[in-house]
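Encoded as structure tokens, the structure appears first; notes follow it.
The values are calculated or read from the model by the stated rules, or taken from the named source; none is laboratory data. As the structure is a prediction and not an experimental result, all values here were calculated from the model. Every residue, glycine as well, gets a Cβ built from its backbone with ideal geometry; the counts of neighbours run over all protein chains shown.
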Amino acid sequence: MTTRQEQILRSIVEQYAEVASPVGSSLLAKVFGVSSATIRAEMAELERLGYIQQPHTSAGRVPTDKGYRLYVNSLAEEKEAQPERRGERALTARVQDAGMPERTIRNAVDTLVELTHNLGIATIGNQLYMSGLSNLFGQPEFMQAGQVQQVAVLLDNLEPWLREAAPNQPLSVYIGKENPVGRSAGCSLIISRFHSPYSDRSYIGVLGPTRQNYREVMNLVGRAGKTLEEVLYE
């Protein structure tokens, strides 16, 4: 993949996350200062490589799971420190004065729901706390009954899977078919592992459509895990 193709893929991921509709060549031509024909040729190659696809009813393109994975990996490889954003500051402030551990974790989840507009989750002992279910099923991706059923399968099996698999990375991202259950749900699960009074392998995160602002959501989930660990062990 060329540098320009990588930049075009990044733009498609970010534009699609923002507008929730397939991204066309005309918009990208303006962004990159080239002709629409040039962009169409690059998009055709990205489609051949499996990074984007064309919905049947649109001339635009959307990312595939493979495209999202390349994008997320590129974010993880960025070395420069990111400036603290307002959402991260709000998350830290709300968690610090919550009181008891269970209330603290619930506050962190509820804040993630508010900031990301996804479903928020956390393990509290042997239970899975969830908040923001209406956010998840309010997304345009989940308007079909079959899709909702797949999401429900994922949610039903999420807590036992977390307990058994115990993801070991500080921040883990499971995109679409990478999810261990509900592979056809079209969801991304972004979770942070943290130490708590309940377990050395506690988790907090969000579940939403694969169409995400991954940079922002990954930063927020990562901050939630770090802040909880700091506050719960002060």
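Consider only pairs whose beta carbons are under 8 Å apart and that are at least six residues apart or on different chains; among these, list those whose first residue lies in segment 142-158 and is touching a residue at least 12 places away in the same chain (Cβ under 8 Å) and whose second residue is part of a helix (DSSP H, G or I) and β-branched (V, I, T).
F142/V148; F142/V151
Please determine, by comparing only the residues of segment 178-231 that are out of contact with any Asp or Glu (no Cβ under 8 Å at 6 or more places or on another chain) and of a type in the set (S, T, N, Q), which one is surrounded by the most Cβ atoms within 10 Å (Cβ to Cβ).
The selected residue is S192.
State all residues of segment 96-106 that are in contact with a helix residue (DSSP H, G or I) (Cβ under 8 Å, 6 or more places away or on another chain), surrounded by fewer than 19 Cβ atoms within 10 Å (Cβ to Cβ) and modelled with pLDDT of 85 or more; if no residue qualifies, say none.
Result: P101, single match.
Assess whether A17 counts as being in contact (Cβ under 8 Å) with a residue 24 or more places away in the chain, within 30 Å of P197 (Cβ to Cβ) and not basic (K, R). Lay out the reasoning, then the answer.
Details: in contact (Cβ under 8 Å) with a residue 24 or more places away in the chain: yes; within 30 Å of P197 (Cβ to Cβ): no; not basic (K, R): yes.
Considered against the rule, which asks whether it is in contact (Cβ under 8 Å) with a residue 24 or more places away in the chain, within 30 Å of P197 (Cβ to Cβ) and not basic (K, R), A17 comes out as no.
When you scan segment 26-42, do you find a residue that is modelled with pLDDT under 95, outside the structural domain of A224 (by TED's automatic domain parsing), in contact with a Lys or Arg (Cβ under 6 Å, 6 or more places away or on another chain) and part of a helix (DSSP H, G or I), even just one?
Looking for residues that are modelled with pLDDT under 95, outside the structural domain of A224 (by TED's automatic domain parsing), in contact with a Lys or Arg (Cβ under 6 Å, 6 or more places away or on another chain) and part of a helix (DSSP H, G or I), one finds none in segment 26-42, hence no.
Of the numbered conditions (1) at pLDDT below 95; (2) over 25 Å from the mean Cα position of the chain (by Cα), E45 fails exactly one; give the number of that condition.
So the condition that E45 fails would be (1).
Only one of M143, M130 is out of contact with any Pro (no Cβ under 8 Å at 6 or more places or on another chain) and surrounded by fewer than 11 Cβ atoms within 10 Å (Cβ to Cβ); which? Break it down into steps so the answer makes sense when it comes.
On the way: M130 fails: surrounded by fewer than 11 Cβ atoms within 10 Å (Cβ to Cβ).
Exactly one of M143, M130 is out of contact with any Pro (no Cβ under 8 Å at 6 or more places or on another chain) and surrounded by fewer than 11 Cβ atoms within 10 Å (Cβ to Cβ), namely M143.
For segment 47-57, indicate whether the set of residues that are surrounded by fewer than 16 Cβ atoms within 10 Å (Cβ to Cβ) and either within 30 Å of A224 (Cα to Cα) or among the basic types (K, R) (or both) is non-empty.
yes
Kindly provide the set of residues from segment 65-90 that are over 25 Å from V113 (Cα atoms) and at pLDDT 95 or above, ordered by number.
Scanning segment 65-90 gives K66, G67, L70.
Taking segment 3-25 only, how many residues are in a helix (DSSP H, G or I), over 17 Å from R215 (Cα atoms) and either within 25 Å of the chain's Cα centre (by Cα) or among the β-branched types (V, I, T) (or both)?
Result for segment 3-25: 3.
Six or more apart or on different chains, Cβ atoms under 9 Å: show the pairs whose first residue is in segment 185-212 and at positive phi and at pLDDT below 95 and whose second is part of a strand (DSSP E or B) and not β-branched (V, I, T).
If the second residue must be part of a strand (DSSP E or B) and not β-branched (V, I, T), the pairs left are G186/P209.
Under 15 Å from the mean Cα position of the chain (by Cα) and not small (G, A, S): does that describe R211? Show your work before the answer.
Values: under 15 Å from the mean Cα position of the chain (by Cα): yes; not small (G, A, S): yes.
Taking the combined requirement at face value, the residue satisfies it.
Of these, A93, A122, A145, which one is modelled with pLDDT under 90 and within 24 Å of R183 (Cβ to Cβ)?
On inspection, the qualifying residue turns out to be A145.
Inspect segment 83-94 for any residue being in the same structural domain as Q169 (by TED's automatic domain parsing) and among the hydroxyl-bearing types (S, T, Y) and give the result as yes or no.
Yes.
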